[in-house]
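Peer 1: Once you've had a glance at the structure underneath, I'll fire off some questions.
Read-outs throughout are calculated quantities, based only on the coordinates presented, and are distinct from any laboratory measurement. The model shown is predicted, which means the values in this text are computed figures rather than measured ones. So basically every Cβ, Gly included, is an ideal-geometry build from the backbone, and we count neighbours across all protein chains shown.
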Amino acid sequence: MPPVRAHGPALFEGCTIVYGVSDCNWRMLCDLNRFDFGSDSCESKQDVSDFWLILYCAGAVLIFLKLRSVLQQRTRRERPPYEVTLPGRAAEPPKPIDVAAAAPSADRWAGIADAGSVVAAGLDAIAREDKSFDAKNFIAGARAAYEMIVTAFAEGDRRTLKNLLSRDVYDGFEMTIRNREGTGETTESRFVSIDKSDITEAELRGRTAQITIRFVSQLVSATRDRNGSVIDGSPDKVTDVTDVWTFARDLSLRGPNWNLVATEAGR
């Protein structure tokens, strides 16, 4: 609706009032050359409103700057602790870093490596580069990876293998899977238990950490030909299996994943 001319008190003479608004807060377009509003005029009240608006904005800016300062301090100081995260599995919520445990001590690797041993020295070197390294978490992740890799290899699950293996190891696994598929053979593997998972070597090569674990497990495994006849292993017999696997991680990268870089049959 177009604006209408005001009628009534002299205060509104010559002013254009926007339809539907009342009192001095009306949106009035006044001819300032013709009128001199007093201290109670709309212009005066508008000045007061503008003052409070500026004051509120200044307060909001100060609160924002203070909040940003606090958040920046938390970002610099709070770094998530180290976790062995496996592709396809959700990472556990980060746990607080135990500062006392970060200092080297004689029993730092108790139950994992003997004090003063080569393995302990290798773990110390890795922990110096990665302050959040936790050997127990690493072993737990390596056990899970061991089972995932053996199962994925038997099923021919290339996607899972590619996420867990180095390029060289993956190429060897993939060639075996391809040959097996070419002859129509299938493999079945089922874990009964993983009885041992001991760290036998640990070292830091440049910025790359390498840890070797000797796994002792019980496994049911059988290979069948294209006719379904068992040609290797047994679908009913539990077999003791020993594998020595080496995992590596580039500490210069932010990702927490370790990849399998070497395998060998253990004794």
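Peer 1: For region 116-265, compute the number of Lys pairs whose alpha carbons are separated by less than 26 Å, excluding pairs fewer than 8 positions apart on the same chain.
Peer 2: Count of close lysine pairs: 4.
Peer 1: Classify region 116-265: rounded, prolate or oblate, from the alpha-carbon gyration tensor (a ≥ b ≥ c, eigenvalue square roots; a/c under 1.5 rounded; otherwise prolate if a/b is larger than b/c)?
Peer 2: prolate
Peer 1: List the trypsin sites (Lys or Arg not before Pro) in region 124-203 that DSSP assigns to loop (not H, G, I, E or B) and whose Cβ has at most 13 other Cβ atoms within 10 Å. Which are they?
Peer 2: Filter output for region 124-203: LYS131.
Peer 1: Would you work out the charge dipole size for region 114-168 about its Cα centre, treating the Cβ of every Lys and Arg as +1 and the Cβ of every Asp and Glu as -1, and quote it to the nearest 20 debye?
Peer 2: Roughly 220 debye for region 114-168.
Peer 1: Please give the charge dipole size of region 116-265, origin at the Cα centre, charges +1 on K and R Cβ atoms and -1 on D and E Cβ atoms. Round to the nearest 20 debye.
Peer 2: Details: 20 positive and 24 negative charges, 92 e Å.
Rounded to the nearest 20 debye, it is 440 debye.
Peer 1: Work out from phi, with θ = phi - 60° and the Karplus expression 6.51 cos²θ - 1.76 cosθ + 1.60, the ³J(HN,Hα) of each residue of region 241-254, listed in order in whole Hz, and give x for Gly and Pro.
Peer 2: Karplus values, whole Hz, x for Gly and Pro: 10, 10, 10, 10, 10, 10, 10, 9, 8, 7, 6, 7, 9, 7.
Peer 1: If you take the beta carbon distance between ILE194 and ASP114 as r and set R0 to 25 Å, what does 1/(1 + (r/R0)^6) give as a FRET efficiency, to the nearest 0.05?
Peer 2: Numbers: r = 22 Å, r/R0 = 0.89.
Once rounded, the FRET efficiency stands at 0.65.
Peer 1: Further question on the same structure: Hey, got a sec? Which GluC sites (Glu not before Pro) in region 152-251 land in a DSSP loop and have at most 16 other Cβ atoms within 10 Å?
Peer 2: Details: sites: GLU155, GLU174, GLU181, GLU185, GLU188, GLU201, GLU203; in loops: GLU185.
Passing both the DSSP loop test and the Cβ count: GLU185.
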